[in-house]
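Q: Encoded as structure tokens, here's the structure I'll be asking about.
The values are calculated or read from the model by the stated rules, or taken from the named source; none is laboratory data. All of these numbers come straight from a predicted model, not from anything done at the bench. Quick reminder, even Gly has a Cβ in these numbers, built from the backbone with ideal geometry, and neighbours come from all protein chains shown.
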Amino acid sequence: MTNNWIDISNSDLVFVMGGNPAENHPCGFKWAIKAREKRGAKIINVDPRFNRTSAVADIYVRIRPGSDVAFLGGLINYVLQNEKYQKEYVKIHTTAPFIVREDFGFKDGLFTGYDPKTKSYDKTTWDYEFDPATGYPKMDPTLKHPRCVLNILKKHFSRYTPEKVAEICGCTKEEFLKVAEEVAKCGAPNKNMTILYALGWTQHSYGTQLIRTACMLQLLLGNIGVAGGGINALRGHSNVQGMTDLAGQNKNLPTYIKAPKPEEQTLEEHLKNHTPKKLHPTSMNYWANYPKFYISFLKCMWGDSATPENDFAYHYLYKPDKGYYSWDEFIDDMYKGKIEGLVTAALNFVNNTPNANKTIKALQNLKWMVVMDSFMIETAEFWKAEGVDPSQVKTEVLVLPTGDFINKEGSMTNSARWIKWKYKAVDPEGDAKDEYWIFGHFFMKIKELYEKEGGAFPDPILNLVWPYQNPYYPTAEEILTEINGYYTRDVDGHKKGERVRLFTKLRDDGSTACGGWLYCGVFPPEGNLAKRTDLHDPLGLGTYPNYAWNWPANRRVLYNRASADAKGRPWDPERPLLRWDPEKKRWVGDTPDTAATAPPEKGIGAFIMLPEGRGRLFAAKSYATFKDGPLPEHYEPYETPVENVLHPKVPHNPVAKVYKSDLDLLATPDKYPYVITTYHLVEHYFYQTNNVYSLVRLFPTHVFAEIPEELAKEKGIKNGEIIKIVTPRATVKAFAMITKRIKPQNVAGKTVYTIGLPIHGGIQGYLAKLLKNNAKASLANLISPNVWDPNSRTPEFKAFLCNIEKA
Amino acid sequence: MEVSRRGFLKLSAGSLGASVIGGLGFDLTQAHARVRELKITKAKVTKSICPYCSVSCGLLAYSLSDGAMNVKDRIIHIEGNPDDPINRGTLCPKGASLKDLINSPYKLKKPMYKPAGAKEWKEITWDEAIEKFARWVKDTRDRTFIHKDRAGRVVNRCDSIIWAVGSPLGNEEGWLMVKVGIALGLSARETQATI
Amino acid sequence: MSTLTTGGTVGLGIRRLSASKEPDTSTKTYPELAILVDVSSCIGCKACEVACQQWHDTTPPLLTPEEVEKLGFVSYQSLPDLRHDLFMLMKFNEKDTEKGFVWFITKYQCMHCREPGCLIACPAPGAVIQYQNGVVDFDHSKCIGCKMCVVGCPFDVPRYDANNKPWKCNFCIDRVEAGLEPACAKTCPTNCLTFGLKEDMVEKGKKIVESLKKRGYENATLYDPPGVNGTGYIYVLPHGDHVKDYNLPENPRIDASIGLWKGPLKTIGSIAFWGTLLGVFLQLVLWGPIKVLGGKENKEEG
Amino acid sequence: MAVESTNVYEEQIERFSALDRVLHWTTALAFLYCLLSGIGIAYSKFHWLLTFLGGGEFARWLHPWAGVVFSIGAVLMIIKWARDMVITGEDVLFLMRIKAYISGRHEELPPAGKFNGGQKLYAWIVFISAIVFFLTGIVMWFQENFGIGLVRWSVVIHEISFIIAGAFTIIHIYMGTIGLPGSIWGMIGGKVSATWARFHHPRWYREVKGQ
């Protein structure tokens, strides 16, 4: 989240789309209700289903699953055509004035540079036109130039007229305009809109672009960096933000520094490729400090054996050849037998990946598998799945019982980037151990094996810094010291081993070690700031500067410099998130993006992490663009009942990751006419809560599908009857819950029915006993298609096709 | 309520008279209701964070005893932490039922192992489990380690072990697992951020 | 003997007991407590239902698929009705109304009426207790299991277990006595439930009703039924003209039959009972037993 | 004051058969238990009564079962005695002159048959109230399967019939024991003295004597 949970209550309009916070983040959603109570804010909810967020929303609009970009594109078009964007903000805080290259274009659903054979883009044309003299992109502050980013947007989104939006989304024009008017009001400087979204937007084959549409809308309305504004992803697990930062996906080492590529044989080459150059004189371009973070990370991993002479042990790091190697390719490679071992901790592989049958088949090709969890999960018992003969499964499986959150001390990072500490209450059940113990023993054992027997390239293991007093049982605060970073030698007044105060102090000469630069500052010499519980809120905007610690540098709202105009005066005096105090010559309020004493006149851009120093309305190639285009475009889900009204020849995202194995079949509307969307309920959390008596009890039907009344009448399905949801991949059995909350929609001239299927089936805990032989066929992800967003590798769970029959 | 001597004397003549007629002199005084003792009065309270969604609500976990040594501790009640500025004492249905998650009968109690082709789990000790875990990783890594790729470039990686870190892990244990994964040079590393 | 001693009980904040004389409670006064249910911000998440069940350590049943199919009961509601091991229940009702589709979601439990039907109907002295803070609770040691509380309750709340003892929400009186707030009110994520003094809750409720009217809910009302002298749970209902759809009774009050049965009939009964006893006693005294007269008086039968 | 006849042996006439007596006393005992536990339950002033009837819960448990016994007994009574209890013109006259009856001036009364007007009236009160008790009792006992309105009013009706039946039962018990000396033995031993019969039930006496 750019802002934080309590900040939502500072908002004038809470726009909830692509997410159901009332059900999936209830205690966070209170702040939207408080916004209504405190500021008379309106809550708008756009969702295919009338869910429990809609029950308390002021305005509810039903759209067809998968038509989100059309709706948002329509809003951008409305804001641009009616000049409702915040002109002053757009001029100084976004890349609107930047001029785009002449040869960039978009026609019939494709951007320039598409190569059908490789199904990928050559992105050279997606860039600015550079001024040879300064080396910076050309700009037109008057925003008149036809190819300045603002006009490029105007042209691109001109096709998203209210009529077209109604046609694609299945809502009425009036409904759309009602929302558009409310949203447009928030273009005013003193009216802030916050957008709350979650997996409803991410789980599409064009999820990343979908979210960018919302970011661009907020930038145009001047709502980024302001109190009660921002783009707020309501993330999944309690520590998913922490694990995204620290555990890092394949291409990332902890805190978003990159794994080296094979062609970057020396550290110096790697650092050159990943240290961006400024694209505007006022840009702070903070990633320029990449070398400090990288070398500090190497020092943290391999300590003394990482010396300037051996490139700080750069060669110890693995160099993957695939650009981005994630779940989809894991399954595909396992399915092809390329993977020998699988180690998962607190992750239910089978239930969480689409087309679960393929995953179950893939797991059978493994040699061994180690599962660490506190419950017996479907992944560990894949050999008991439907139609699998255990005697044929050669995989050796090891299940290690781990304690859960209450048995471990440590910190968790919530969706608003607050790092909060928790204490251990009781010991784990039975012989279960917590992960500190397990990895302590595992590492010491494998190190011992390498010391005794040697093996392939043992150096990174043997020289790994393992600075724990009890190496077999590391403690939370020892590890937090590593993550926070410490001085490796006495340097300018700091003792060896003293913890670093903030990431600005990190150095690239090997004198500092830091496991995660973003988290540097959580554990200064004074003590563990994650444990702070001071409830003072001087600004009254819910920032609570002294409660726990917020990466980066305890900044509670990202890009808060953008909440003030060129002279440092807040757009809305009533919500002064950040103000330049001329007497004190300092910024006052939340921790500023820029240096606290940098006067506004210097004009340092608010978006300090971007080379342009400004919000990117156009994802130029010069800095980390996207695989499927610099601008969002409405593409139909891979399994859709209607053709793409805007460009029939290119119906789907041309660059989406689609797999073609024998099990990866795609449904077509003729045999599978109904759209189906999968989602969570407030009563359950993924599959773990099937082991919790008082939650399984809350839904008598345990596993149900929400069927519109009209469809049920047509099919003669009674309430409570068990029905089969059929897709080419598999069939799921569930109870039929006939409801009025999903209604048929008229989309592109066709009547489209939508069916809702909560994902909480499975065989864990009480469900196996209750559902008996239907349990194995109750897992929602048996039927989801193996289609993934190309940038973030999120499966398209939210919109695909199925047919329903009586069981 | 035993009727104390003073209480008995307070029985004014009027009510005494009525009771004689009514109860033939029997005095079955009203023992009044006693309110149930607050079940968490003496319990040890620990501050923790709900493991479910990313609001990360602060909560108070009350355990069975006051922390004395000779007690096998157990969670008896969990409610929201009123001093956490985000949830301020509130919890959703999942948070409110955390006691049942922690004390669930389905909790795994022992390391278990399934040999190739077996039909049932076998219980094994922790030492054997750690031994197997380390042995498997070492064998696969040694066998499939790629020092140089086909183009002769030093890559030092192992592609054939998937090292998947789930999001329920806290920052510290998650980072510890990743640190070991990087040290082993595993390229198939992923965190549960996108599924 | 059901007459109240003026000593102990009142000291404990008890306002009145079932089937007992109403004591004078002027010595100590306690503020009346209430919970405001602002239905307009209730997201139906059932956190209250879980918190209540967790605090009271009850274990409501897991319906098996066969039971579900037989009942045909498929809804977001966890069970069709309150039970002896389910003190409160979130009721869901999907309805197309003249103002479009509305999802009526209501928290249902004992309303802690100020004129409790259960207490009035209960014949066992001391079995139903009303504290001065308005909470109504059962005392199983006094209850004889005659189920008159079920007959008397205008909201159909008390439920009997196998020991023939009634159960219902007791406003977490143990928490309230210890100075805490009820479990449901504390856990409610969106502050739809607010716990406090009755007058504060009524005032806050009225303010919410005003703001709802401004937001287009013209017939928003504050549901604090006068038929039972107001309740411990008061509801802000956005659609005040659809009280029935909220699964709440339109005009809950003490049924005339109970008033009749506990009031006049009791006096008539006592009069009849003592009257007859007096009658036979007078007959005995005035004319004495009607003996068989031997000899002269009844010579006509001869 | 009238003097009781003192001769040692007096001719005894059988008034009630063994079956009558067994039937009467089982029904009477059940009814008595119901009445007392009814008072104990319904009237808070008499709640202490329940301690003598087995405790509050036990009394509430036994009350309906005793009611069932009473109802069956009453039905059998109806079958057996309804014919004798038909109220005739004479009985109405008898009731009109009830004041004479209770003050011992028998001469003004029409000669009574086996049962005089008062006894017949009481019989019918018991028969009707038994049915009412049974119906309303079943509704209150298994109240889950009845509408709440029906349950509430059956409580009221149950109490009304209790008041009526209860009052008359007090009279019945009084008359049967103290009010008319010698009649209790008719219901216990089954025989009454000839003079008793001739005095109280002349017509019945004449029928028995075959005149």
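Q: For residues that are in a loop (DSSP other than H, G, I, E, B) and not basic (Lys, Arg), scanning just region A:316-332, find the one that is modelled with the lowest pLDDT.
A: A:323
Q: List pairs: first in region A:472-493 and closer than 12 Å to residue A:511 by Cα and more than 8 Å from chain B (Cβ to nearest Cβ), second buried (at least 16 other Cβ atoms within 10 Å of the Cβ) and among the aliphatic types (A, V, I, L, M), Cβ under 7 Å, 6+ apart or cross-chain?
A: Listed by first residue and then by second, the contacts come to A:485/A:500; A:485/A:506; A:485/A:513; A:486/A:500; A:486/A:513; A:487/A:500; A:488/A:513.
Q: Could you tell me whether residue C:31 is surrounded by fewer than 21 Cβ atoms within 10 Å (Cβ to Cβ), of a type outside the set (A, V, I, L, M), more than 9 Å from every other protein chain (Cβ to nearest Cβ) and in a loop (DSSP other than H, G, I, E, B)?
A: yes
Q: Of the residues D:72, D:87, which is away from every other protein chain (no Cβ under 12 Å), β-branched (Val, Ile, Thr) and in contact with a Ser or Thr (Cβ under 9 Å, 6 or more places away or on another chain)?
A: Of the residues listed, the single one that is away from every other protein chain (no Cβ under 12 Å), β-branched (Val, Ile, Thr) and in contact with a Ser or Thr (Cβ under 9 Å, 6 or more places away or on another chain) is D:72.
Q: Next question. Identify, from the list D:123, D:197, the residue that is away from every other protein chain (no Cβ under 13 Å), closer than 27 Å to residue C:284 by Cβ, of a type in the set (Gly, Ala, Ser) and in a helix (DSSP H, G or I).
A: That would be D:123, the only listed residue that is away from every other protein chain (no Cβ under 13 Å), closer than 27 Å to residue C:284 by Cβ, of a type in the set (Gly, Ala, Ser) and in a helix (DSSP H, G or I).
Q: Moving to a separate point now. Report those strands (runs of 3 or more DSSP E) wholly inside region B:38-88 carrying at least 1 residues which are within 7 Å of another protein chain (Cβ to nearest Cβ), out of contact with any helix residue (DSSP H, G or I) (no Cβ under 7 Å at 6 or more places or on another chain) and hydroxyl-bearing (Ser, Thr, Tyr).
A: Filter on region B:38-88 gives B:44-49, B:58-63.
Q: Can you tell me which residue in region A:46-81 is surrounded by the most Cβ atoms within 10 Å (Cβ to Cβ), limited to those that are farther than 18 Å from residue A:177 by Cα and away from chain C (no Cβ under 14 Å)?
A: A:66
Q: Here's another thing I want to ask about it. Counting only residues that are crowded, with 22+ Cβ neighbours inside 10 Å and free of Cβ contacts under 8 Å to residues at least 24 places away in the same chain, how many does region A:384-414 have?
A: 1
Q: I need the full set of residues from region A:15-45 which are away from chain C (no Cβ under 12 Å) and either aromatic (Phe, Trp, Tyr) or within 20 Å of the chain's Cα centre (by Cα) (or both), in order please.
A: A:15, A:17, A:18, A:19
Q: Here are some conditions: (1) among the small types (Gly, Ala, Ser); (2) touching a helix residue (DSSP H, G or I) at 6+ places or on another chain (Cβ under 6 Å); (3) part of a loop (DSSP other than H, G, I, E, B). Residue A:430 meets all but one. Which one does it not meet?
A: Result: residue A:430 passes all but (2).
Q: Does region C:65-72 contain at least one residue that is more than 20 Å from residue C:159 (Cβ to Cβ), away from chain D (no Cβ under 14 Å) and modelled with pLDDT of 95 or more?
A: no
Q: Separate question: Taking the options B:47, B:99, name whichever one is more than 30 Å from residue A:768 (Cβ to Cβ) and at pLDDT 95 or above.
A: When all the criteria are applied, what remains is B:47.
Q: If residue A:711 passes every condition in (1) closer than 24 Å to residue A:328 by Cβ; (2) aliphatic (A, V, I, L, M); (3) not in a loop (DSSP other than H, G, I, E, B) but one, which one does it miss?
A: (1)
Q: Considering (1) in contact with a Cys (Cβ under 7 Å, 6 or more places away or on another chain); (2) farther than 28 Å from residue A:223 by Cα, say which one residue A:108 fails and leave the rest.
A: Exception for residue A:108: condition (1).
Q: Follow-up. Working only within region A:341-378, note down all residues that are crowded, with 24+ Cβ neighbours inside 10 Å, in contact with a helix residue (DSSP H, G or I) (Cβ under 7 Å, 6 or more places away or on another chain) and in a loop (DSSP other than H, G, I, E, B).
A: A:354, A:378 - these are the residues of region A:341-378 that are crowded, with 24+ Cβ neighbours inside 10 Å, in contact with a helix residue (DSSP H, G or I) (Cβ under 7 Å, 6 or more places away or on another chain) and in a loop (DSSP other than H, G, I, E, B).
Q: What are the pairs, 6+ residues apart or on separate chains, where a residue within region B:126-145 that is more than 16 Å from residue B:114 (Cα to Cα) has its Cβ under 7 Å from a residue that is part of a helix (DSSP H, G or I) and basic (Lys, Arg)?
A: The qualifying pairs are B:134/A:445.
Q: Across region A:287-314, what is the total count of residues that are polar (S, T, N, Q) and under 15 Å from residue A:489 (Cα atoms)?
A: Count: 3.
Q: Condition first: assigned to a loop (DSSP other than H, G, I, E, B) and within 10 Å of another protein chain (Cβ to nearest Cβ). Now tell me which residues in region A:508-533 satisfy that.
A: Matches in region A:508-533: A:515, A:516, A:522.
Q: Any chance region A:437-455 includes a residue that's within 7 Å of chain B (Cβ to nearest Cβ) and touching a strand residue (DSSP E or B) at 6+ places or on another chain (Cβ under 6 Å)?
A: no
Q: Consider residue A:677 carefully, then state whether it is more than 7 Å from every other protein chain (Cβ to nearest Cβ) and either touching a residue at least 24 places away in the same chain (Cβ under 8 Å) or among the small types (Gly, Ala, Ser) (or both).
A: yes
Q: Among the numbered conditions (1) at pLDDT below 95; (2) in contact with a helix residue (DSSP H, G or I) (Cβ under 8 Å, 6 or more places away or on another chain), tell me where residue C:118 comes up short.
A: (1) is the only condition that residue C:118 fails.
Q: All but one of (1) touching a helix residue (DSSP H, G or I) at 6+ places or on another chain (Cβ under 6 Å); (2) within 13 Å of chain B (Cβ to nearest Cβ); (3) more than 30 Å from residue A:348 (Cα to Cα); (4) assigned to a helix (DSSP H, G or I) hold for residue A:264, so report the exception by its number.
A: The one condition residue A:264 does not meet is (4).
Q: Something else about it: Working only within region B:89-110, note down all residues that are assigned to a loop (DSSP other than H, G, I, E, B) and at the interface with another protein chain (Cβ under 7 Å from one of its Cβ atoms).
A: Scanning region B:89-110 gives B:89, B:90, B:91, B:92, B:97, B:104, B:106, B:108, B:109, B:110.
Q: Given the residues D:104, D:147, which is the only one that is modelled with pLDDT under 90 and among the small types (Gly, Ala, Ser)?
A: Result: D:104 is the single residue among D:104, D:147 that is modelled with pLDDT under 90 and among the small types (Gly, Ala, Ser).
Q: Does residue A:529 satisfy being within 19 Å of residue A:608 (Cβ to Cβ) and among the hydrophobic types (A, V, I, L, M, F, W, C)?
A: For residue A:529, the condition - within 19 Å of residue A:608 (Cβ to Cβ) and among the hydrophobic types (A, V, I, L, M, F, W, C) - is not met.
Q: Go through (1) free of Cβ contacts under 8 Å to residues at least 60 places away in the same chain; (2) surrounded by fewer than 24 Cβ atoms within 10 Å (Cβ to Cβ); (3) touching a Ser or Thr at 6+ places or on another chain (Cβ under 8 Å) and name the single condition residue A:770 misses.
A: (1)
Q: With the condition kept exactly as written, say whether any residue in region A:657-668 is in a loop (DSSP other than H, G, I, E, B), in contact with a Ser or Thr (Cβ under 9 Å, 6 or more places away or on another chain) and in contact (Cβ under 8 Å) with a residue 60 or more places away in the chain.
A: Looking through region A:657-668, at least one residue is in a loop (DSSP other than H, G, I, E, B), in contact with a Ser or Thr (Cβ under 9 Å, 6 or more places away or on another chain) and in contact (Cβ under 8 Å) with a residue 60 or more places away in the chain.
Q: Got at least one residue in region A:489-499 being under 32 Å from the mean Cα position of the chain (by Cα) and surrounded by 15 or more Cβ atoms within 10 Å (Cβ to Cβ)?
A: Yes: one or more hits.
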